[in-house]
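Engineer: Okay, handing you the structure first.
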Amino acid sequence: MKLRWADVSLRRHLPSSEFDEFSGGLAVCAACASSADMQRLAAFKKAFPKNVFAAFGVHPKYLGGFNKDVFASFLDNADAVGEIGFDKYSSFDLAFQRNCFEAQAGAAIPRNLPVIIHEVGHWNELELSLKRLRPKRFLIHAAKCSAELVKKFEKMGGWFSFGERELKLKSGRDALAAAGKNRILLESDSFPSIEKMEKTYFLASEILNLKEVELCRLIGENFSEFFKNG
């Protein structure tokens, strides 16, 4: 059975020719990791304007190339800001990560753009920044955290996306089970393919006790709501 779904595809690398299969009707969010990726992402969105939702931002591991002016120049054509956030394995210190995150997330707010967040190991810092900024909608990408954190961030406006990798981990399964069904999305992350997404939907449908067709409908509705200004 061929299913049609929405896919949040937050990847370290922008699309190659293999991604063309997604152009046949799937709605896709593609996020860049560095300033150098932004022009490529803009070109990708231009090539598939009805299918591609573009998230512009600089990942916490690639902040050496962060330029506020370059970043700001792409926001008029953005559907989201991201993938931005915190990472304990980044070579950049926490204060610099925080400043870059708040500059980018802060730019999303007056434009009413959702924020897509990468978070590894600095949950308290993320919470403090979000309390200062108060974005209306933000997505924790590749969510794998406690049910308590899910509930806390959901009250602050949080959404959560999960890939096959996360759904094979207890922390990812617990996070998905704890999240409100109207706050979840699914993703392929760095390796986009129909086969990978089918596996992801199968795992999620088992955890949520939903038929795959019902889950597809739910994710499509959630995708439209999250990117409603795109």
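The values are calculated or read from the model by the stated rules, or taken from the named source; none is laboratory data. The model shown is predicted, which means the values in this text are computed figures rather than measured ones. Heads up, the Cβs are rebuilt from the backbone with ideal geometry, glycines too, and the neighbour counts pull from every protein chain shown. When the accessible area is computed, the model is the full protein with side chains, heavy atoms only, and any ligands, DNA or RNA have been set aside. Shrake-Rupley method; radii C 1.70, N 1.55, O 1.52, S 1.80 Å.
Engineer: Largest first, how would M38, M156 line up by accessible area (1.4 Å probe)?
Structural biologist: Working: M38 0, M156 50 Å².
From most accessible down to least: M156, M38.
Engineer: Just to be sure I understand: with springs between alpha-carbon atoms less than 10 Å apart, which residue in A33, A177, A105 has the highest mean-square fluctuation in the Gaussian network model of the chain?
Structural biologist: A177
Engineer: So between N67 and E102, what do we pick up on full extension, going 0.36 nm a residue minus the alpha carbon distance?
Structural biologist: 11.3 nm
Engineer: Could you pull out every residue, at least 5 positions away or on a different chain, whose amide H is within less than 5 Å of the one on L139? Hs are placed 1.01 Å off N in the peptide plane, and Pro or chain starts have none.
Structural biologist: V115, I116, I117, W159
Engineer: Then there is this: In terms of Cα to Cα distance under 15 Å, which aspartates and glutamates are near enough to K211, apart from those fewer than 8 places away along the same chain?
Structural biologist: K211 reaches E198.
Engineer: OK, next. Can you give me the accessible area per residue for the chain, using a 1.4 Å probe, in Å²? The partial results should precede the final answer.
Structural biologist: Details: 10530 Å² over 230 residues.
Each residue of the chain exposes 46 Å² on average to a 1.4 Å probe.
Engineer: Next question, about the same structure. Along the range 148-160, what does the Karplus equation 6.51 cos²θ - 1.76 cosθ + 1.60 (θ = phi - 60°) give for ³J(HN,Hα), rounded to whole Hz, x for Gly and Pro?
Structural biologist: Karplus-based 3J(HN,Hα) across the range 148-160 equals 4, 5, 4, 5, 5, 6, 4, 5, 8, x, x, 10, 9 Hz.
Engineer: Quick one: putting +1 on the C-beta of Lys and Arg, -1 on the C-beta of Asp and Glu, what dipole do you get for the range 37-78 around its Cα centre, in Debye to the nearest 20?
Structural biologist: 160
Engineer: Restricting to Cα pairs below 8 Å that are 6+ residues apart, what does the relative contact order work out to for the range 85-230? Please round to a whole percent.
Structural biologist: Working: 202 pairs, mean separation 26.9, N = 146.
It comes to 18 percent, rounded to a whole number.
Engineer: To the nearest 0.05, what FRET efficiency results for K168 and S146 with a Förster distance of 25 Å applied to their C-beta separation? Don't skip to the end; give the middle numbers.
Structural biologist: Working: r = 17 Å, r/R0 = 0.70.
Result of the calculation: an efficiency of 0.90.
Engineer: Express the carbon and sulfur contribution to the solvent-accessible surface of the range 88-230 as a percent, rounded to the nearest whole number, probe 1.4 angstrom.
Structural biologist: Working: 3420 of 6690 Å².
That fraction is 51 percent.
Engineer: Okay, moving on. Applying a 10 Å radius around every beta-carbon, put 159-167, 46-54 in order of their mean neighbour count, most first. Display every interim value, and only then the final one.
Structural biologist: Details: 159-167: 24.7, 46-54: 15.4.
Packing proxy ranking, top to bottom: 159-167, 46-54.
Engineer: Next up: Calculate how large, on average over all directions, the projected area of the Cα convex hull of the range 37-129 is; give the answer in nm² to one decimal. Could the numbers behind the result be given before it?
Structural biologist: Details: hull surface 23.4 nm².
The directionally averaged projection comes out at 5.9 nm².
Engineer: Can you tell which of A42, S91, S205 lies farthest toward the positive end of the dipole of the chain, using +1 and -1 charges on the Cβ of basic and acidic side chains (Lys, Arg; Asp, Glu)?
Structural biologist: The listed residue farthest towards the positive side: S205.
Engineer: Compute the distance in nm between two label points, each set 7 Å from the Cα along the Cα-to-Cβ direction, one at K50 and one at K155.
Structural biologist: Reported label-point gap for K50 and K155 is 4.3 nm.
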